[in-house]
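Below: one structure, written as structure tokens.
The values are calculated or read from the model by the stated rules, or taken from the named source; none is laboratory data. None of these values were measured; they are calculated from a predicted model. Ideal geometry is used to build each Cβ from the backbone, glycine not excepted, and the neighbour counts take in all protein chains shown. In case anyone asks, the SASA skips ligands and DNA or RNA and just uses the protein heavy atoms, side chains included. Shrake-Rupley method; radii C 1.70, N 1.55, O 1.52, S 1.80 Å.
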Amino acid sequence: MSAPEDLELGPVDYVVIEFPGNRMTGEGLALLLDLVERRIIRVLDLRFVRKDRDGSVTAVEIADFDGDGQLDLALFEGATSGLLDDEDLRDAAEVLAPDSSAGVIVYENTWAGPLAAALRRGGAQIVAGGRIPVPALLASIEASEET
């Protein structure tokens, strides 16, 4: 079964963002909101998980993380597409240090949807993709500056 030529669905990615010591300051939240408001990404799932010192893992509800009385992530309340389940949260917690929390975000790269649809209408197709990890990019830049 193939996707309709005019289906504007962008690639879907996920990130696990660790907060050592369970310190969620809200730094970066405005940038995430900006990406959503400008329709560059669409958040499909947003969940939080905590890993205690003893290694036990619990799901954490979206809340007022910085203590200012405002529900910081109210925009994302109920953002559950079904792509992210409890097993995924346990897998995410595996990479966390003890006494840390993480936000797990599944998002669509909506900027790419119209491009992919236009390519399909023209008979082309995207046959591969991938991601270069940021540490690898930084190492490559550093290496090129040394030569």
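Tabulated results
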quantity: In segment 86-147, trypsin sites (Lys or Arg not before Pro) in a DSSP loop with at most 12 other beta-carbon atoms within 10 Å; calculated: ARG131
quantity: Carbon and sulfur %, accessible surface of segment 83-130 computed with the full protein complex present, 1.4 Å; calculated: 54
quantity: Pairwise FRET efficiency - VAL57 versus SER144, Cβ, R0 = 30 Å, nearest 0.05; calculated: 0.15
quantity: Efficiency of FRET between THR25 and VAL134 - r from beta-carbon atoms, R0 22 angstrom, step 0.05; calculated: 0.60
quantity: Karplus 3J(HN,Hα) series, Hz, for segment 16-26 with 6.51 cos²θ - 1.76 cosθ + 1.60 (x for Gly, Pro); calculated: 10, 10, 8, 10, x, x, 6, 8, 10, 8, x
